[in-house]
Amino acid sequence: MSERDTYFVYLSKKDNEQIIGIGEISPLSSLSIDFLPNLENIISDICKRVENATLITLEDIFELIPVSLPAVRFGFETAFLDLQNGGKRIIYKNDFSLNQKPIPINGLVWMGDFEFMWRQLEEKLEQGFSCIKLKIGAIDFEKECKLLELIRKRFDENQITIRVDANGAFPANEALQKLEILSNYAIHSIEQPIMANQWYEMKQLCKNTPLPIALDEELIPLVNLEDKKRMLDYIKPQFLIFKPTLLGGLQKTAEWIELCKERNIDWWITSALESNIGLNAICQFVANYDPKIPQGLGTGKLYHNNIKSNLEIEKGEIFSRK
């Protein structure tokens, strides 16, 4: 993936069009359920309906946007919250947005050949990250384990936390064996070891795994509250990972967090390659929960033409500078 389409929605009040709230709509190819060929027309139609409606609350806007359009809901939701707070890219007034309190984040090492991944790793360590997330499943598994072995020879688990993300790359009948091998390297967690929608196989993995499993893609198709509860109670994962753009926005993500709280499941939030507009909103949402473990909020650095913002990353933390 070398490029992506992003849409921005602008909201203002009819009696004061100088104050504008901005939201981002950025569905991901092959992941978002609303990555559609006619999405621009869908967004345009929703804009007309919002413009012609008598809107008072965020719920009024949600009434116009079906849950089958999660990225669109995220865009309108964050534009509305921005407008509500004066159109200054303040989605929530909290210590992150107002007082520059940082959020700890992991450094992301993308899939590639051994040398490419090692170079990225060196860069992340030099930048001061103490939690590294490695995408695995793209090269030979033995080479990926060799990379993990080299990390552990240099840093123990008290110095560097390692997360791995398989993006569903392991065949279900081989996954447990691979997890047992990975457990030799003091791995914090593995994200989505097998493809989503294999509930029985994932349940067995979570029951017998030697290292904690975090679900990500597994959450995306679930829009009904009862389905969410049913999945969590059946699979019983150790962690959940939330991408608000893919899950229907901030309010829907908060619903997931409440379900985790009820079941004593820990979680963290990851951006989904949003520009700085969407990333800023997600960071402010995360800050409401005063996170102690690193979040996955560093993807904005990938863009060559990102929108300017107050977001800065320094020594494994993301800030909103004034």
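The values are calculated or read from the model by the stated rules, or taken from the named source; none is laboratory data. The model shown is predicted, which means the values in this text are computed figures rather than measured ones. Counting neighbours? That spans all protein chains shown, and the Cβs are built from the backbone with ideal geometry, glycine included.
Could you identify the single residue in Glu123, Glu149, Glu115, Glu142 that is surrounded by fewer than 19 Cβ atoms within 10 Å (Cβ to Cβ) and within 17 Å of Phe170 (Cα to Cα)?
Glu142
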request  = Would you mind telling me which numbered condition in (1) touching a residue at least 40 places away in the same chain (Cβ under 8 Å); (2) of a type outside the set (Lys, Arg); (3) closer than 30 Å to Thr57 by Cβ Phe242 fails?
outcome  = (1)
query = Under 9 Å by Cβ, and 6 or more places apart or on different chains, what pairs join a residue from region 115-140 that is at positive phi with one that is basic (Lys, Arg)?
reply = Gly128/Lys315
Lys203 being closer than 23 Å to Leu134 by Cβ and assigned by TED's automatic domain parsing to the domain that holds Asn280 = no
message = Taking the conditions exactly as written (surrounded by fewer than 16 Cβ atoms within 10 Å (Cβ to Cβ), acidic (Asp, Glu) and free of Cβ contacts under 8 Å to residues at least 60 places away in the same chain), does Asp156 satisfy them or not?
response = yes
